[in-house]
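Have a look at the structure below before the remarks.
Each value in this text was obtained by applying a stated rule to the coordinates, not by laboratory testing. Given the structure is predicted, the values throughout are model-derived calculations rather than measurements. Positions of Cβ are backbone-derived with ideal geometry, glycine not excepted, and every protein chain shown enters the neighbour counts.
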Amino acid sequence: MAVTLSLVALFGLVLFFLLRSGSLKPGSAFTATGFGFSLATTGAAGPINEMAAAIVDAIPNI
């Protein structure tokens, strides 16, 4: 749970800074966010969460 909240905060900050810098337009940000919510309801959500957890677990070993 803590990893998920941290990733949400990280991606939220990245999205905020991309919007602020003008690299990403609001329509694109809305589309990306909608895609993320849609993806979370599919069967791909489990493997994506497992991959993210594996990456987070591997970072201290680098």
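Both the radius of gyration and Dmax for the chain are 13.5, 39 Å, in that order, over alpha-carbon atoms. Remark: segment 38-45, residue by residue, has Karplus-estimated 3J(HN,Hα) of 5, 5, 5, 9, 9, x, 6, 4 Hz, where x stands for each Gly or Pro and the curve is 6.51 cos²θ - 1.76 cosθ + 1.60 at θ = phi - 60°.
Evaluating 6.51 cos²θ - 1.76 cosθ + 1.60 at θ = phi - 60° for every residue in segment 8-21, the Karplus couplings come out as 5, 5, 4, 5, x, 5, 4, 4, 4, 5, 5, 5, 5, 7 Hz, glycine and proline recorded as x. The label point for Ala52 and the one for Ser38, both projected 7 Å from the Cα toward the Cβ, are 1.8 nm apart.
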